[in-house]
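**Q** What follows is a structure written as structure tokens; I'll ask about it next.
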Amino acid sequence: MEQETFDDLRQFIDASKKVSDWREIKGADWDLEIGALLEATAETISQPPLLIFDQIKDYPPGFRVLGLAFTAYRRVALALGLPPDRSKLELVRLASRKIGSARPIAPQEVSHAPVMENVMIGADVNLLKFPALRSHEADGGRYLGTGDVMINRDPNSGFINMGTYRMQLHERNLLGLWISPAQHGRMICMKYWEQGKSCPIVATFGQDPLTSMASTTKIPWGQSELDYVGGLRGRPLEIIKGPVTGLPVPAHAEIAIEGEVPPPSEAARNEGPFGEWTGYYSGGTIGTGEPQPVIRVKAVYHRNDPIIEDEAPLWPGAYRVDLSLRAGVLWDQLENAGIQDIVGVYDHTKYFWVVSVKQRYAGHAKQVGHGVIASSASARHGRYVVVVDEDIDPTNMKEVLWAMMTRVDPKTDIEIVEDCLSTPLDPRMSPDKKKHRDYTSNRAIFYAVRPFGWREKFSKVSRTDRQFRQKIIDKFRDILPFPS
């Protein structure tokens with residue numbers, strides 16, 4: 001299959017329909033019903049279908065919401081321009097190599113932009129025109145920004161940052177904004193606030209998949225995600241210059257806004273509660289005890305029949321992304337740190353990381369465990385780190401749990417590391433720590449490996465050999481419903 005690079009979300013949807021299951025659902029309610037259906041689908045259906053919602057309650061036909069874009073790993077592979085017929089672990093490695101080899105390509109300004117098909121400025125701005133969802137029962141309101149991209153410029157260096165931060169719909173022209181401490185987008189805003197100024201921003205809601213992925217990828221300060229996504233694409237991201245802010249606006253976005261974030265001392269609102277990826281309501285006002293910044297929206301642009309990309313977090317038992325790009329980044333970071341013979345890396349949630357290693361020397365497994373909690377890809381969360389032998393597939397939770405049950409001595413093989421980097425989203429962080437902004441937590445490393453000193457004497461595995469098992473599956477696939 002020839003690999004594609006998609007200019008917009010619509011091209012990706014059309015291509016996804018050819019490689020995975022999908023459903024169009026009409027008449028669903030934006031208030032809780034769509035959110036509950038997305039969670040139930042992701043939780044109970046293996047390799048869930050892409051869901052396209054149209055004729056949403058209270059909204060005209062054509063104002064759509066896309067859900068579960070990346071919950072099937074073949075769609076993630078498609079978005080990255082990788083062969084969707086490879087195994088999940090192979091794709092993690094291929095993704096990391098593509099990410100690692102990408103060289104920055106600056107965006108290209110164009111004269112025509114589909115996002116400008118419809119324009120609302122000043123008093124005409126009305127974000128209630130779009131079917132923003134209330135996804136969780138105790139959410140403090142509707143959220144337009146879950147699969148969004150926010151762009152702002154550092155006032156000192158001119159560096160342009162792109163990041164994904166949740167945005168609550170307060171009023172027709174006002175959004176709430178939650179950005180965790182130390183995120184680049186917040187650091188840029190603070191530089192404006194320290195001067196008593198509002199920070200100009202652009203945000204989009206529905207964009208090509210590589211732009212979405214780049215927006216959630218941690219890259220060093222001073223390197224623009226806009227250049228990074230050009231490298232992933234192999235050609236520039238097409239943009240226009242925002243008429244209000246002068247900031248770049250992705251030309252093929254479904255919906256875009258221009259506006260400003262005033263200093264919180266000037267304007268702020270309670271933000272949330274909002275159900276986060278931890279499976280709890282966290283962050284925002286309930287996480288910090290403080291009102292949060294707002295975005296004053298000055299202009300709105302959208303395509304005909306716009307599509308909102310919904311990425312509202314689901315509880316950890318319902319995976320939002322079925323192919324972890326963070327895992328590939330960590331794999332590279334561990335190898336770049338000089339740790340040898342990493343066989344595989346995967347994170348089943350941001351709190352649960354697994355690394356497979358072929359042990360070469362005493363202390364090798366411990367080196368891996370400490371490397372995980374020190375690497376930027378996994379440092380902010382990573383509450384549990386599991387190090388396993390090379391016979392364990394880190395993407396297969398059944399195998400990981402088997403290794404933990406049979407190769408871990410609770411007295412000697414679980415290491416606690418205290419006071420590690422965390423965020424206010426952590427539901428286990430005490431109120432006192434949050435009050436004093438001590439955003440740290442502890443980590444547990446499980447060394448689920450054969451003890452190096454007597455690994456050759458460890459009990460022999462009785463499970464069927466992988467290659468022979470696959471041969472048998474292929475032989476009887478016409479009789480039994482084995483997954484492809």
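Each reported figure results from applying straightforward, stated rules to the coordinates on display, with no laboratory input. Being a predicted model, the structure only gives us computed values, none of them experimental. Positions of Cβ are generated from backbone atoms using ideal geometry, with glycine treated the same way; all protein chains shown enter the neighbour counts.
**Q** Rg to Rh for the stretch 267-349: what is it, with Cα atoms only and Rh by Kirkwood? Can you show the working numbers first?
**A** Numbers: Rg = 18.9 Å, Rh = 16.8 Å.
Here the Rg-to-Rh quotient is 1.13.
**Q** Here's something else I'd like to know. What is the Cα centroid distance between the stretch 423-464 and the stretch 134-175, reported in whole angstrom?
**A** Taking the Cα centre of the stretch 134-175 as reference, the centre of the stretch 423-464 is 32 Å away.
**Q** Kindly give Rg over Rh for the stretch 1-108, based on alpha-carbon atoms, with the Kirkwood expression for the hydrodynamic radius. Write out the running numbers ahead of the final one.
**A** Values: Rg = 15.9 Å, Rh = 15.5 Å.
Value, to two decimals: 1.03.
**Q** While we're here: Quick check: net charge around residue 471, other residues with Cβ under 14 Å of its Cβ, Lys/Arg +1 and Asp/Glu -1?
**A** +2
**Q** Quick one: what Rg and Dmax do you get for the stretch 72-154 from the alpha carbons, in Å?
**A** 19.0, 52
**Q** For the stretch 133-285, state the average projected area of the convex hull of the C-alpha atoms over all orientations, rounded to one decimal in nm².
**A** That works out to 9.1 nm².
**Q** Turning to a different aspect of this structure: Working from the pairwise distances between different alpha carbons, so that the mean of 1/r is found and then inverted, what is the stretch 34-179's Kirkwood radius in Å? The partial results should precede the final answer.
**A** Details: mean 1/r = 0.0535 Å⁻¹.
After inverting the mean inverse Cα-Cα distance, the result is 18.7 Å.
**Q** What are the residues whose amide H is under 5 Å from the amide H of residue 239, where those residues sit 5 or more places off or on another chain and H is modelled from the backbone?
**A** Excluding prolines and chain starts, which carry no amide H, the hits are 108, 109, 110, 251.
**Q** How would you rank 82-89, 288-295, 108-115, 320-327, highest first, on the average number of other Cβ atoms within 10 Å across their residues?
**A** With the highest mean Cβ count within 10 Å placed first, the list reads 320-327, 288-295, 82-89, 108-115.
**Q** Between residue 345 and residues 5 or more places away or on another chain, which pairs have amide H atoms under 5 Å apart, with H built 1.01 Å from N, and which residues are they?
**A** Distant-sequence amide H within range of residue 345: 356.
**Q** If you don't mind, another one. Here is the link list: 218/350; 18/471; 398/457. Which ones come out longer than 22 Å on Cα distance?
**A** 18/471; 398/457
**Q** Right, here's the next one. Obtain the radius of gyration and the Kirkwood radius of the stretch 201-305 from its C-alpha atoms and give Rg over Rh.
**A** 1.01
**Q** Principal axes first, then extents: for the Cα atoms of the stretch 375-417, list largest minus smallest coordinate on each axis, whole Å, largest first.
**A** 29, 26, 15
**Q** Rounding to the nearest 10 and keeping the result within 0 to 90°, find how far the Cα-based axis of helix 184-194 lies from the longest principal axis of the chain.
**A** So the inclination is approximately 40 degrees.
**Q** Starting from the Cα-Cα distance between residue 57 and residue 469, subtract it from 0.36 nm times their residue separation and give me the gain in nm to one decimal.
**A** Value of the extension gain: 143.4 nm.
**Q** What does the charge count near residue 165 come to, summing +1 for each Lys or Arg and -1 for each Asp or Glu among other residues with Cβ under 10 Å from its Cβ? If you can, show how the numbers build up before the last one.
**A** Values: positive: 166, 186; negative: 148.
Residues near residue 165 contribute +1 overall.
**Q** May I ask for the Kirkwood hydrodynamic radius of the stretch 282-438, worked out over all distinct Cα pairs and given in angstroms to one decimal?
**A** Its Kirkwood hydrodynamic radius stands at 18.2 Å.
**Q** If you don't mind, another one. Once amide H atoms are placed 1.01 Å from N in the peptide plane, what residues at a sequence separation of 5 or more from residue 170, or on another chain, have their amide H within under 5 Å of its amide H?
**A** Here 175, 176 satisfy the definition.
**Q** Stick to the Cα atoms of the stretch 1-42, pair each with every other, and give me the Kirkwood hydrodynamic radius in Å at one decimal.
**A** Evaluated on the stretch 1-42, it is 12.5 Å.
**Q** Moving on. If you take every residue apart from residue 448 with its C-beta less than 11 Å away from the C-beta of residue 448, what net charge results, scoring Lys and Arg +1 and Asp and Glu -1? Can you show the working numbers first?
**A** Working: positive: 407, 450; negative: 389, 399, 409, 413.
It works out to a net charge of -2.
**Q** On each of the three principal axes of the Cα atoms of the stretch 305-384, give max minus min coordinate, whole Å, ordered largest first.
**A** Cα extents, longest axis first: 58, 22, 19 Å.
**Q** Output needed for the stretch 356-484: three equivalent-ellipsoid semi-axes, defined as square roots of 5 times the C-alpha gyration tensor eigenvalues, in descending order, whole Å.
**A** 35, 21, 12
**Q** Could you derive backbone 3J(HN,Hα) for the stretch 67-73 from the dihedral phi with the Karplus parameters 6.51, -1.76 and 1.60 (θ = phi - 60°), listing whole Hz in sequence and x where the residue is Gly or Pro?
**A** Taking θ as phi minus 60°, the curve returns x, 6, 4, 10, 7, 10, 5 Hz for the stretch 67-73.
**Q** In what sequence, highest mean first, do 305-315, 351-361, 413-423 appear when ranked by Cβ atoms within 10 angstrom? If you can, show how the numbers build up before the last one.
**A** Details: 305-315: 22.5, 351-361: 20.4, 413-423: 14.8.
Listed from highest to lowest mean packing, they are 305-315, 351-361, 413-423.
**Q** May I pose another question? Tell me, for the chain, which Cys residues have no other cysteine's C-beta sitting closer than 4.7 Å.
**A** 420
**Q** Which distance in Å, rounded to a whole number, links the C-alpha centroids of the stretch 29-49 and the stretch 251-295?
**A** 24 Å
**Q** Then there's this: By how many degrees, between 0 and 90 and to the nearest 10, does the Cα long axis of helix 9-19 differ from the longest principal axis of the chain?
**A** Taking the Cα atoms of the chain, the angle to 9-19 is about 30 degrees.
**Q** Over the chain, how many percent of alpha carbon pairs lie in each 20 Å bin up to the one with the longest distance?
**A** 23, 56, 20, 1
**Q** Quickly rank 400-406, 200-206 as a protection proxy: mean count of other C-beta atoms within 10 Å, highest first.
**A** Those peptides, ordered most packed to least, come out 200-206, 400-406.
**Q** Please list the radius of gyration and Dmax for the stretch 149-209, considering alpha-carbon atoms only, with Å as the unit.
**A** Final numbers for Rg and Dmax: 11.9, 36 Å.
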